[in-house]
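The structure appears below as structure tokens.
Since every read-out is calculated from the coordinates, none of them should be taken as a lab result. Keep in mind it's a predicted model, so treat the numbers as computed, not measured. Neighbour counts run over all protein chains shown; Cβ positions are idealised from the backbone, glycine included.
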Amino acid sequence: MKKYLIVIEKTGTGFSAYSPDLDGCIATGKTEKEVQQNMQEAIEFHLEGLQLEGYAIPEPHSSSAFVEVAI
């Protein structure tokens, strides 16, 4: 089991998400919950495609952090 970081962004019509570890793997949804579910499916599909084509599965390598700034 691998854990991939996903970035979720609010859009004008809902939410979009991508994984910095998986180029081109994106998803959308009307709610955050929906985009998370869609992204999980997209990642599974993406990784299955890589395997079928004989490519190595990328190791998760991204992390996240928040920084606080005084403005």
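List of remarks:
- For the chain, the relative contact order works out to 27 percent when only alpha carbon pairs closer than 8 Å and six or more residues apart are counted.
- In the set (i) 87; (ii) 115; (iii) 70, the label that goes with volume of the Cα convex hull per residue in Å³ computed for this structure is (ii).
- Karplus-derived 3J(HN,Hα) values for region 45-60, using 6.51 cos²θ - 1.76 cosθ + 1.60 with θ = phi - 60°, are 5, 4, 5, 4, x, 4, 4, 4, 8, x, 8, 6, 7, x, 6, x Hz; glycine and proline are entered as x.
- Over the chain, dividing the summed -39,500 (n - 2.57) contributions of all DSSP H runs of at least 4 residues by the number of residues returns a 222 nm mean residue ellipticity of -10500 deg cm²/dmol.
- Loop trypsin sites (Lys or Arg not before Pro), region 1-64, which have at most 13 other Cβ atoms in a 10 Å radius of their Cβ (DSSP): 2, 3, 30
- The charge dipole of the chain, taken about its Cα centre with unit charges on the Cβ atoms of Lys, Arg (+1), Asp and Glu (-1) only, comes to about 220 debye.
- Of the chymotrypsin sites (Phe, Trp or Tyr not before Pro) in region 13-71, those whose Cβ has at most 16 other Cβ within 10 Å and which sit in DSSP loop: 55, 66
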